[in-house]
Each structure stands twice: as C-alpha cells, then as structure tokens.
Amino acid sequence: MARGKKIYEGKAKILYEGPEQGTIIQYFKDDATAFNAEKKDVIDGKGALNNRLSEYFMTGLNQIGVPTHFLKRLNMREQLVRSCEIIPLEVIVRNFAAGSMSKRLGIEEGTQLTRPIVEYCYKDDSLGDPLVTEEHIAAFGWAAQQDMEDILSLALRVNDFLSGVMFGVGIKLIDFKIEIGRVYDGDFQRLVVADEISPDSCRLWDIETGQKLDKDVFRRDLGSLTDAYAEVAQRLGVLPRNATPMTKPTLIN
Ligand code: UDP
C-alpha cells in the first residue's frame, strides 16, 4: 500500500498520510528511548514486535467493543489506523506501584494497589510530560468534562481487558499508558484508544518469577529487550515459539 507524505516523526514511530482520507500509516521504528530521550539506542526487531503486539491488543479491544483507531496491519512495520486528533494527555493506569509513582510516594515497587489508579500527564516533551490533575485539564481546556468521563471509562475497560489477557499467559500487568484520540463521523465525535499498546508502554512482570518483560529491561539495563518482547509475543501466540525471524526481521520497506 502506497504511503503518502510524512506527517510526523516521534521517538518510536513515524506517521504517513494513508491511502484514503481519514487514514494514517503508522510505521514502527527500532529506536528505543527512555528518560525523556536522554537514553537512546536502536534495537533490532523492536518495531516489528511492537507492531504485532499492538495489532493483537487493539484487535482484541475492537472485538470486545472498546473503540480504537486500529484498522489493519499492513506489513512487518506498518499498520493502517484512523486519523484522529490526539488529546494531549498520557493516560496511565496502575494496578501495582512502580516507576514514577513508587519514587514520588515512596511505595515499594510491586505493591498491589487496592484499586486501579488512573493518572494523567500533560503530553509535552519539553516539560517532561508532567503529572496533572483534572483541574488542570479542565482549566486549560485540554479535554471537556464529558471527555474525561469517557477517557476514564475507556482506560478502565482497557485495564480489565489487558490484565485478563496478560494473566492468562502468566504475566502481571503492573501499569500502562494509553493515548486517546478524537474521531469525527460527520457531525458526531467520539473518543478511541489511539497510538500503540505494547511492552514499550506497559509494565509486564512474570507472575512466578517477577522477571520484567517490558521497556524497564532497556531503562534499567536488564538484558535483551527483544528477547523480553519476543517472550510476551510467544506467550500470546503472536509469534511462534521456534520463530526467530521476528526478532531479527528482514524488513519490508
Ligand atoms: N509510560 C509511557 N510513556 C511515557 C511515560 C510512561 O509509555 O512517556 C508508561 C510506562 O512504560 C509505564 C507507565 O506508563 O508502563 C507508567 O510510567 P511511570 O509514570 O512510572 O514513568 P516512568 O517510570 O516510566 O518514567
């Protein structure tokens, strides 16, 4: 499928105009960044794995009636998505304390939370995506009150779905981040899960051993990132057990 003009290049993905109006081609790069891009590397195979994993999660969400921007995967690195207006918030859902929350509140990583906690960060790299409250979101007009209700409901539905899927393959969903987009159907607008859902944006721990199978492997130098992501893909049946080509793909495009 022919790609159009480049629209945007981010840290892990490039967006191109899609073949039809209202569509975008999302290209997954092998670049890994952490700590607001202070740590960088190129990790062979990461893009292809995230493309497949995001396809898997988004397809499942679509099938259970949680709307997403995902239309179809095109090849190893690209997927076709609906174009949407991204709400400038990172929506984080936490089931267990970890990362910035553990640091901020002095709670040991892995502590189970009594209920899922939803946090919002304002998407602005130059500010380091600061944590904001619903008061900030309303006051600065980043999203309306009705949007916030819909975002909360989407985030919790994604959490239930992902927690269940991961539990089924022996993985604990510690936390994750999603982005929300606004799509227009004529005069009608609705919110959908956008961007990607992959081990880049989730914390995934093996239930038995606590082994990390997510981007913390890169952030904290814990070993091979593609091995960790391939393990998740294999457990989910997205990548056959004996297949190595996905981790060292010969790439189309
Ligand atoms: N996260 C993300 N992108 C970001 C910040 C966080 O995907 O820019 C994800 C991260 O991978 C984790 C969750 O959101 O699964 C919570 O991240 P946290 O706030 O603990 O920040 P971190 O410790 O990653 O800086």
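Debye sum, Cα scatterers, segment 151-198, no solvent: what log₁₀ I/I(0) at q = 0.14, 0.17, 0.22 1/Å?
-0.42, -0.57, -0.80
What lysines could a cross-link reach from Lys172, if we take a straight Cα to Cα line under 18 Å and drop same-chain neighbours fewer than 8 places away?
Correct list for Lys172: Lys212, Lys215.
So, in Å, what gap is there between the alpha-carbon centers of segment 70-98 and segment 144-178?
12
Run the helix sum for the chain: -39,500 (n - 2.57) per DSSP H stretch of 4+ residues, divided by residue count, reported at 222 nm to the nearest 500 deg cm²/dmol.
-8500 deg cm²/dmol
Rounded, prolate or oblate for segment 98-235? Axes are the square roots of the Cα gyration tensor eigenvalues, ordered a ≥ b ≥ c, and the cut-off for rounded is a/c under 1.5.
Taking the square roots of the gyration eigenvalues as a ≥ b ≥ c, segment 98-235 is prolate.
Restricting to lysines 8 or more places apart or on different chains, can you count the pairs in segment 27-138 with Cα atoms under 25 Å from each other?
Final tally of qualifying lysine pairs is 12.
At 20 °C and a viscosity of 1.002 mPa s, what translational diffusion coefficient does Stokes-Einstein give for segment 116-164, taking Rh as the Kirkwood radius over Cα pairs? Give it in µm²/s as a whole number.
180
For segment 171-223, what does the alpha-carbon gyration tensor say about shape, rounded, prolate or oblate, given a ≥ b ≥ c as the root eigenvalues, a/c under 1.5 as rounded, and a/b over b/c as prolate?
prolate
Given +1 on the Cβ of Lys and Arg, -1 on the Cβ of Asp and Glu, and no further charges, what dipole in debye does segment 72-162 carry about its Cα centre, rounded to the nearest 20?
It works out to roughly 440 debye.
Alpha carbons only, please: Rg and Dmax for segment 29-178, in angstrom.
Cα-based Rg and Dmax for segment 29-178 come out at 16.4, 44 Å.
Pop out the Kirkwood hydrodynamic radius of segment 1-70 from its pairwise C-alpha distances, inverse of mean 1/r, in Å to one decimal.
Result for segment 1-70 stands at 13.5 Å.
Please report Rg (one decimal) and Dmax (integer) in Å for the Cα set of segment 69-156.
15.7, 44
How would the chain be classified by its alpha-carbon gyration tensor: rounded, prolate or oblate, with rounded meaning a/c under 1.5 and the a/b versus b/c comparison settling the rest?
Since a/c stays below 1.5, the shape of the chain is classed as rounded.
Between exposed trypsin sites (Lys or Arg not before Pro) in the chain, where DSSP calls loop and at most 13 other Cβ atoms lie within 10 Å, what's the longest gap?
6-219
How many angstrom lie between the C-alpha centres of segment 1-16 and segment 183-243?
After rounding, the separation between the Cα centres reads 21 Å.
We did not get these values from a lab; they are worked out from the coordinates using the rules stated. Fair warning: this is a prediction, and the values are worked out from it, not measured in the lab. For neighbour counting, all protein chains shown are included, and Cβ atoms are generated from backbone atoms with ideal geometry for every residue, glycine included.
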